[in-house]
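Each remark here refers to the structure printed beneath this line.
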Amino acid sequence: MSKYPLLTVNHEALKSNMTQVVSWCREAGIDVAGVIKVSSGMPSFALDYEACGAKWIASSRLEQLQRARDAGVKIPLMMIRVPMLSEIEEMIEVCDYSLESEFAAIKAIEEAGAHTGKSHNVILMADLGDLREGFFELEELVDVAKYVEDKCDFVHLAGIGTNLGCYGSVMPTKEKMEQLVSYAEAIERAIGRQLEIISGGATSSLMPLFDGVMPERVNMLRIGAISACGPKEDLRTAYGRTEVDCMRDDAFTLEAELIELRTKATHPIGQLGVDAFGQKPKYKDRGMRRRALIAIGRVDYGDTGDLFPETPGAEIVGASGDHTIVDIEDCKEIIRVGDIMRFKLCYSSIMRLTASENVKIKEVGQTEI
């Protein structure tokens, strides 16, 4: 059986990036919840985060968190997608913390806790305008917080949090972080004690930290993407943040085999309809050019814009489900059928490749249990 396509996981690069993230946050009095969903929940990813100083391991999938625990992770586990009612009992068995924004789920957690005798920590989510999960009205948020504090024996109100940028592309500005703190303080006045956690978002919330405008009360960030991707993560490409340039971009590398080499037209010939995914791409006619066909496709990695060829002069021009087309006309090196092409990756391609049954995974430099 062929060993390609092959995804190599460089744990030394991962740990270098994770250590940098934890250091940035620690200097600002912030603890890190290491999010492992970017790696499809690889247990070794969780062990690296634990070794580098993360205080929680977090994911949106219970099976990923269970694998982390089975691998020997000892720090608390956190569910960061609001749970389905059908998985509440499993969640409180697997997880120590969860993000919550639905009153029905909180009541179900209390009922399950009463049945099992196990207490569970919740972080109530406030929607500050990104329009994904979270209580939209402060009054409702405070009412639910007070209900948990006064009426629940098996649900502990650990804090509040927010998510920004994942749906509505709302940026984690100083004003948004101050709004989150003001919501926390409103809850604290209602329940008569200080919350342990104010969770200020995900990787994008490093920006107010870099700018020195993160409120002191924000003491948790939930971070995964930048540790896996390094400077190719959106903080650099979308927002131009040079602070991340010190991070490594070789934590995940894809290798795929070249299976055809031809000089072909660059514009399809004939009446055009839709491609394999039901879309109508636009093609640029550049004449006849030399092309390589690679044995991996969008089924495995998603969008071609999420792969970055390491071969100088190589350019991905398109793909179907199982094939990727690379223009090599401007490459100086000799390229032959059977050669292996290497690609750097970004968040979404890493997530898909680690979940693909067609991609072999090689890990080097793992953290020992």
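The values are calculated or read from the model by the stated rules, or taken from the named source; none is laboratory data. None of the values given here were measured: they were computed from a predicted structure. Positions of Cβ are generated from backbone atoms using ideal geometry, with glycine treated the same way; all protein chains shown enter the neighbour counts.
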**Prompt:** Would segment 83-100 turn up any residue that is of a type in the set (V, I, T) and touching a Gly at 6+ places or on another chain (Cβ under 9 Å)?
**Reply:** yes
Of the residues in segment 246-274, those that are surrounded by fewer than 20 Cβ atoms within 10 Å (Cβ to Cβ), closer than 19 Å to C346 by Cα, out of contact with any Pro (no Cβ under 9 Å at 6 or more places or on another chain) and not acidic (D, E) come to T253
Do we have any residue at all in segment 170-178 that's within 21 Å of G34 (Cβ to Cβ), surrounded by 16 or more Cβ atoms within 10 Å (Cβ to Cβ), at pLDDT below 95 and touching a Pro at 6+ places or on another chain (Cβ under 7 Å)?
-> no
Residue check for V218: surrounded by fewer than 20 Cβ atoms within 10 Å (Cβ to Cβ) and not polar (S, T, N, Q)
no
Being free of Cβ contacts under 8 Å to residues at least 40 places away in the same chain, closer than 17 Å to T367 by Cβ and acidic (D, E) narrows D48, D70 down to just D70
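Can you give me the number of residues within segment 158-187 that are among the aliphatic types (A, V, I, L, M) and in contact with a strand residue (DSSP E or B) (Cβ under 6 Å, 6 or more places away or on another chain)? Break it down into steps so the answer makes sense when it comes.
The initial filter retains those residues of segment 158-187 that are among the aliphatic types (A, V, I, L, M), namely 158, 160, 164, 170-171, 177, 180-181, 184, 186-187.
Within this subset, residues satisfying the condition of being in contact with a strand residue (DSSP E or B) (Cβ under 6 Å, 6 or more places away or on another chain) are 158, 160, 184.
So the count comes out to 3.
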The one condition I123 fails out of (1) outside any strand (DSSP E or B); (2) within 24 Å of D31 (Cβ to Cβ); (3) among the β-branched types (V, I, T) is (1)
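To keep it simple, each residue is scored yes or no on (1) crowded, with 18+ Cβ neighbours inside 10 Å; (2) touching a residue at least 24 places away in the same chain (Cβ under 8 Å); (3) of a type in the set (V, I, T).
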position: M18; (1), (2), (3): yes, yes, no
position: R26; (1), (2), (3): no, yes, no
position: D31; (1), (2), (3): no, yes, no
position: I36; (1), (2), (3): yes, yes, yes
position: S39; (1), (2), (3): yes, yes, no
position: P43; (1), (2), (3): yes, yes, no
position: L77; (1), (2), (3): yes, no, no
position: L99; (1), (2), (3): yes, yes, no
position: A104; (1), (2), (3): no, no, no
When F277 is run through (1) surrounded by 12 or more Cβ atoms within 10 Å (Cβ to Cβ); (2) of a type in the set (A, V, I, L, M, F, W, C); (3) under 35 Å from the mean Cα position of the chain (by Cα), the failure sits at (1)
Filter segment 198-247 for residues that are within 18 Å of G53 (Cβ to Cβ) and outside the structural domain of K15 (by TED's automatic domain parsing); the one that is nearest to the chain's Cα centre (by Cα) is M247
